[in-house]
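Engineer: Just dropping this structure here.
Bear in mind these aren't lab numbers, they're just calculated from the coordinates by the rules spelled out. Keep in mind it's a predicted model, so treat the numbers as computed, not measured. All Cβ positions, even for glycine, are placed from backbone atoms using ideal geometry, and neighbour counts span all protein chains on display.
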Amino acid sequence: MLIKKPADILYSEITPKHIYMNRRNFLAGVPAAFLGARELLSPSGQALAGTKLPNVQKSKYTVDEKQNSYQEVSTYNNYYEFGTDKSEPSGYAKNFKTEPWTVSVEGLCNKPSKFTMEEILALAPLEERVYRHRCVEAWSIVVPWVGYSLSALLNKVEPASRATYVAFESFFDRRQMPHAAGLQFPYVEGLRMDEAMHPLALLCTGMFGEALPPQDGAPVRMILPWKYGFKSIKSIVKIRLVGGQPPTSWNLSNAPEYGFYSNVNPRVDHPRWSQASERRLGELRKRATLMFNGYGDQVASLYNGMDLKKNY
Ligand SMILES: Nc1nc2c(c(=O)[nH]1)N[C@H]1C(S)=C(S)[C@@H](COP(=O)(O)O)O[C@H]1N2
Ligand SMILES: [Mo]
């Protein structure tokens, strides 16, 4: 059998439609009780979600903790473009069209480029990274994400030295997202350049070894494990290198409650609730929340000399 190198693999090829269709036909005859949660969730007409990503290597950036199930991670979501209730995105995002897809990387750099999803997937070796992920609403999950450090993509466009921040923008189309509510769209986020270049900052294309399902931010999103979940912007279409702090969706919507940095910090409470503890999905007991979500050894130096009460 011919083993293809990543550059030869087309994104559209990852799930040849006939195989996908055969799987569905096969599944049609199987009683639901015998199917795994993942199979039950396979959305109709979504050829990409739920298909295996090629050549995924284990990463050293991994926590040794019990992982949440695919079912948990894909049915309890914040994705306001597909509804504000956590149970809504898994249903409302079912037919989200993620192909073709391009990510434009532009702004203060020598080589601004539009990358197709094929190019994004082939740009660097895909790694599996098990990360702790904590929402500002005090729930948390542990997920085996797939992707590589955002720095690999940013380096391709050769950032100018004037580029001090990175601005991200999500896809938005009201026709595909009629249930979008609660925020101004498109969803936007931002990082300081040194945060964006930190190896833990993951450009994420999959989870559990497979392409992301729509509700988790297909086809490509950020995962920033030391920050509250809302920094981890989904379904990215634009990344812009800029010379000043960019606007961010939750800060635009409610600045006193949501700052730019949004580092996980058990010592700085949300104005309406404590951040000292959290509940892992699937557990009843509360756990103590760790400074920088437990990633302090790696990221604390990014914030040396900063007042983290002011820069929340
Ligand atoms: N475009 C977009 N990205 C988003 C959101 C959103 O509503 N829209 N929600 C954020 C929030 S609040 C969280 S906690 C995480 C949730 O990611 P998950 O559903 O994969 O757990 O996505 C973040 N990224
Ligand atoms: Mo969140």
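Engineer: Give the shape of segment 153-221 as rounded, prolate or oblate, defined through the alpha-carbon gyration tensor: a ≥ b ≥ c are the square roots of its eigenvalues, a/c under 1.5 means rounded, and otherwise the shape is prolate if a/b is larger than b/c and oblate if not.
Structural biologist: oblate
Engineer: Further, regarding this structure: Would you mind ranking L284, L200, L48, L308 so that the residue whose beta carbon has the fewest other beta carbons within 10 Å leads the list?
Structural biologist: Sorted ascending by nearby Cβ count, the order is L284, L308, L200, L48.
Engineer: So how do R132, R279 line up by other beta-carbon neighbours within 10 Å, fewest first?
Structural biologist: The fewest-first ordering by Cβ neighbours comes to R279, R132.
Engineer: Using Cβ counts within 10 Å as a stand-in for footprinting exposure, how do M197, M177 rank, fewest first?
Structural biologist: Arranged by neighbour count, lowest to highest, M197, M177 become M197, M177.
Engineer: State whether segment 53-303 is rounded, prolate or oblate according to the following rule on the C-alpha gyration tensor (a ≥ b ≥ c being the square roots of its eigenvalues): a/c under 1.5 gives rounded; otherwise a/b larger than b/c gives prolate, and the remaining case gives oblate.
Structural biologist: Rounded shape, in that the Cα axes give a/c under 1.5.
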